[in-house]
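Heads up, the thing below is written out as structure tokens.
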Amino acid sequence: MAKLTVFFKDKAIHSGLFENGVVHIGRDETNDLTIASLAIAPAHAVIIIRDDACAIKQLNDRFPLIINGEAIKACNLNNNDMISMGKHAILFNTTESIEFPAAFDNSLIDNVKSLNREIDRGLHSPAANLQVMNGNNIGKILPLKNAMTRLGHNDGSGVIAISKRKEGYFVSVLENSGTITVNNEPLNDRLLKLNTNDVLVINDTSLQFFLN
């Protein structure tokens, strides 16, 4: 198991735990770790997590992959390696030894620790999903398996975040440039707890929330 913490402008914005296996990273929402930035390739990199070793591989030659300041195409990952993609950075940790580099200031460490506590609480929440209710992807199931899931695009349709907490799943607006509603009511600046069968609409896409 490994922990990946995403940073933007030196601020931790997302952290997630990943079991042994393959973790796809990129801009497309089908990735295991999605980073909504045009500087990130739709399929940017893949991390292979094993008990004895973890490795990362670049997937698109037009989008650089930088590990600890050095451009690479593939390498093994070590605890506290920093993966740079565009203006975002990802801190890689093995869960057996979660540490912070000496260069990190206390406020940044506190920010990461707060995200980690949120993950620990969220692990006790029941699994949940969103189902697409219209359009070309009607019927598609989107598992909400991370501590925070971003949905939407920075193209005028708006972006929401669904956070997994001990008390349940909560939705909020990150960018409200389009029409975002829950059960036909504008979400605006609210932090709203989701209940089974709630319907979210981001621009023209309808998504129904349900617990497993």
Requested in this report: Report LYS73's accessible area, 1.4 Å probe, all protein chains in place, as a number in Å² to the nearest 10.
Outcome: 120
Query raised in the report: So who's got an amide H within less than 5 Å of the one on LYS140, skipping anything under 5 residues away but keeping other chains? H placed 1.01 Å off N, in plane.
Result: VAL132
Query raised in the report: What percentages, rounded to whole numbers, describe P(r) for the range 1-96 computed over all alpha carbon pairs with 10 Å bin width beginning at zero?
Result: 17, 58, 24, 1
Query raised in the report: Tell me, what HN-Hα J-couplings in whole Hz come from the Karplus equation 6.51 cos²θ - 1.76 cosθ + 1.60 at θ = phi - 60° for each residue of the range 49-66, using x for Gly and Pro?
Result: 9, 10, 5, 9, 6, 10, 9, 10, 9, 6, 10, 9, 5, 7, 10, x, 10, 10
Query raised in the report: Just how much of HIS24 is accessible, in Å², when a 1.4 Å probe is used and the result is rounded to the nearest 10?
Result: 80
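At 1.4 Å probe size, with every protein chain present, just tell me what the per residue accessible area of the range 1-85 comes to in Å². Mind showing how you got there, number by number?
Working: 4230 Å² over 85 residues.
On a per-residue basis, the range 1-85 sits at 50 Å².
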Report summary line: For HIS153, the residues 5 or more places away or on another chain with a placed amide H closer than 5 Å to its own amide H are GLY158
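The values are calculated or read from the model by the stated rules, or taken from the named source; none is laboratory data. Quantities reported herein were computed from a predicted structural model and do not represent experimental measurements. Calculation scope for accessible area: heavy atoms of the full protein, side chains included, ligands and nucleic acids excluded. Shrake-Rupley method; radii C 1.70, N 1.55, O 1.52, S 1.80 Å.
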